[in-house]
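This report refers to the structure that appears directly beneath it.
The values are calculated or read from the model by the stated rules, or taken from the named source; none is laboratory data. Worth saying up front: this structure is predicted, and the values here are computed from it rather than measured. No Cβ is skipped: glycine too gets one built from the backbone with ideal geometry, and neighbour counts run over all protein chains shown. The area values use the complete protein model at the heavy-atom level, side chains included, leaving out ligands, DNA and RNA. Shrake-Rupley method; radii C 1.70, N 1.55, O 1.52, S 1.80 Å.
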Amino acid sequence: MSDKLTAAKKRLGKLRKQINQHNHRYYVLDDPLISDGEYDRLFREFLDLEEKFPQLITPDSPSGRVGGKALAEFGQVNHRFPMLSLENSFSDSGIRDFEGRLKRFLPESAEFSYVAEPKLDGLAVEIIYEKGLLTLGSTRGDGKIGEDVTSHIRTINTIPLRLRSNDVPDYLEVRGEVFLTIEGFRQLNEHRAAAEEPLFANPRNAAAGSLRQLDSKITAQRPLQFFPYGISDPSLLNSNNQREALDFLGRLGFKINPLVHLCKDINAVVDYFHVLQKQRHELDYEIDGMVVKVNSFSLQKRLGSKARSPRWALACKFPASQATTRLLDVEFNVGRTGAITPVAVLEPVALEGVTVSRATLHNGDEIKRKGLRLGDRVLVQRAGDVIPEVIQPIIDLRNGSEEEIRMPSVCPECGHELLRKSGEAILRCPNPHCPAQRLRSLIHFTGKAGMDIEGLGKKAMEQLFDAKLVNDIPDIYQLVKSDLLPLEGWADKSADNAILAIANSRKTTLARFLGALGIRFIGEVTAALLENQFKTFDQLMRAGEDDFLDVEGIGGQSATSLCQYFADPAVQEMLRRLFDIGLHFTTSDSGRKQQPLAGKNFLFTGRLPGFSRNEAKARVRELGGQVASSLSKKVTHLVAGEKAGGKLKKARDMELIILNEEEFKGLIEGE
Ligand code: IVH
């Protein structure tokens with residue numbers, strides 16, 4: 001081995017260990033030791049070295065977390081032990097019956113405790129470790145044969161690539177659930193909406209769709225998470241019971257669900273079932289019940305399994321979140337972008353302990369598709385999130401008095417004629433001065449997803465709007481304490497706080513401000529992409545539709561919407577007033593890095609042997625530059641690789657700065 005190679009191997013080994021350690025601190029323990037910047041530096045050094053010495057890449061390399069080669073199809077994996085399902089129970093008495101059944105199989109004297117675990121609504125996978133190294137990851141499939149998703153499993157940051165202890169069995173099969181958080185799901189869908197891709201219906205589907213990508217590089221971009229819930233062959237461990245086994249997996253580097261709970265008897269299990277049921281909507285991931293397991297492995301072995309499910313475990317499902325009630329009326333809400341949403345007014349009904357009296361009907365097509373009529377008895381559901389939904393009418397219970405639901409032809413708030421674009425399901429009020437739209441926009445602007453101005457929640461904004469104190473966004477910044485004090489519910493302190501919060505919000509980030517404006521198709525994720533690419537408000541204003549389209553993750557609808565928005569003279573006037581009042585931007589965390597390429601616009605042509613195209617583009621963006629997709633006046637630098645053709649010639653004619661690969665490398669590394 002050459003000296004260089006030996007040195008690289010040593011350095012890579014050290015970096016790999018450090019990076020894996022920092023990953024564990026950050027993702028599993030939530031307790032990072034170093035800053036993101038320091039971590040990025042380590043990771044970049046590591047990737048550069050691996051690129052120079054590909055023969056030194058190991059199976060536990062953290063670079064595997066960015067995804068592997070795209071597959072033509074998934075390989076099959078035989079599970080050594082079948083991945084069983086669980087028997088279900090839907091009530092407290094079902095849980096007590098479970099203990100009755102256990103006792104029939106166990107000696108009278110047997111004393112046992114239980115472990116209760118949240119039942120995650122995701123996908124079951126099995127991960128195999130050989131001599132501590134992750135070697136195979138597979139889906140449950142039909143329980144006997146699953147699909148090989150090893151490169152996908154490697155992208156999940158809470159799954160160790162190498163187990164963190166020396167005391168590990170030579171062979172270990174870990175089982176658990178892959179899932180998406182609700183926030184991860186929301187952001188993924190927002191991204192997809194902006195890129196005009198079809199949306200996922202719920203986090204479970206999104207997690208399944210992400211794991212079943214043939215290209216694991218796509219999986220790597222999805223914030224998948226994992227909680228282990230067992231091992232397929234406990235006899236390979238020194239642990240005596242489920243609780244110890246999970247603790248052991250925690251020491252091996254897995255993140256263990258903190259809601260796993262040891263219960264001393266069946267009463268404690270029932271109690272905990274109610275605790276989880278209350279807590280379920282506060283969690284940032286979806287659970288559809290609780291799994292209760294006999295803790296002791298030796299008793300589990302004695303109890304054994306039936307054909308499809310083990311006798312020692314039970315899925316305690318949360319009570320159905322569906323009920324029937326009567327559809328009394330349909331109201332039409334006007335949203336912030338003028339969209340008209342039909343809302344069902346229901347006879348109040350209890351669902352999961354919450355009284356439901358309204359539910360969204362989405363749009364006119366949905367009402368038709370479901371065949372709903374006024375006065376119908378309907379099935380309603382409260383899905384994992386909070387917005388209840390009408391599922392279907394119960395046609396057998398109709399008595400002939402039910403009436404058709406008609407969509408309005410004019411805006412219920414301003415009377416303007418409504419429009420429906422061909423191909424769109426949504427009816428819209430096109431009147432930009434529609435008071436309902438203005439109020440909703442203002443509520444969005446000051447709300448949590450917007451500027452998050454303390455004290456100016458929905459109720460306060462309604463008050464201010466009704467009192468004609470705030471008609472548009474700049475008006476918010478002209479409020480003074482004496483405006484607020486006469487209004488109901490305001491006092492000296494709350495008014496002071498609100499005025500201070502308003503003043504403070506003049507200093508914000510470009511991304512937050514863009515998201516707060518409530519431009520159609522521009523949510524917080526897209527706003528962050530825009531800030532990343534354009535950095536300053538001036539640069540953003542100078543951008544055209546093509547520049548927006550050049551931003552990865554931004555599609556045609558968003559680009560057009562941005563152009564239309566900023567071209568509107570009323571918007572320009574509003575922005576001018578805001579800047580006069582002192583609105584200014586600091587940079588978000590993501591933009592805080594050095595920006596030596598700010599103001600420069602790069603176009604790539606030809607092959608760069610030392611870089612992948614995406615990598616080269618990413619480097620330019622990281623350093624504050626922009627990347628173009630076609631040759632235009634805005635391009636300042638052309639990076640010409642091997643076999644560069646027509647663009648190179650044109651660029652010469654345009655007298656652009658032309659760089660070869662070496663020069664480009666020098667530029668991004670030297671700066
Ligand atoms: S134990 C033999 N524990 O539920 C026991 N399963 O209906 C196998 N699930 O396919 C499962 N959370 O995908 C277990 N804490 C948990 C679970 C859990 C979710 C899923 C799992 C399994 C399905 C069984």
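Structure above, values below:
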quantity	calculated
Calculated [θ] (222 nm, deg cm²/dmol) that DSSP helices of n ≥ 4 give over the chain, each run adding -39,500 (n - 2.57)	-11000 deg cm²/dmol
Assigned charges on the beta-carbon of Lys, Arg, Asp, Glu; the chain dipole about Cα centre (debye)	1440
The range 566-589 and the range 82-112: distance between their alpha carbon centers, rounded to Å	64
Sites Arg104 and Lys633 - FRET efficiency at Förster radius 60 Å, r taken between beta-carbons, to 0.05	0.15
Solvent-accessible heavy-atom area per residue, rounded to whole Å², over the chain at 1.4 Å	50
Length gained when the stretch Lys643-Glu663 is fully extended (0.36 nm per residue, less Cα-Cα span)	5.6 nm
Sites Ala449 and Asn88, calculated FRET efficiency, Cβ-Cβ separation with R0 30 Å, nearest 0.05	0.20
Coil-residue trypsin sites (Lys or Arg not before Pro) of the range 381-474, DSSP, other Cβ within 10 Å capped at 12	Arg406, Lys421, Lys448, Lys468
Partner aspartates and glutamates for Lys4 [C-alpha distance under 16 Å; skip if fewer than 8 residues away on the same chain]	Glu45, Asp48, Glu50, Glu51
Pairwise label distance in nanometres, Gln76 with Asn267, each label 7 Å out on the Cα-Cβ vector	5.2
Apportionment of accessible area to carbon and sulfur, the range 46-179, percent (1.4 Å)	50
Per-selection metrics, the chain (Cα): Rg and Dmax in Å	29.2, 92
Total lysine pairs under 28 Å (Cα atoms) in the range 276-424, excluding pairs fewer than 8 apart on one chain	10
Charged-residue dipole, Cβ positions (Lys, Arg, Asp, Glu), the range 79-163 about Cα centre, Debye nearest 20	280
Neighbour cut-off at most 12 other Cβ (10 Å), DSSP loop, GluC sites (Glu not before Pro), the range 391-420	Glu404
The range 440-486, accessible surface, carbon-and-sulfur percent (1.4 angstrom probe)	51
Accessible area of the range 622-671 belonging to carbon and sulfur atoms, whole % at 1.4 Å probe	49
Virtual spin-label span in nm between Ser2 and Arg613, 7 Å along Cα→Cβ	3.2
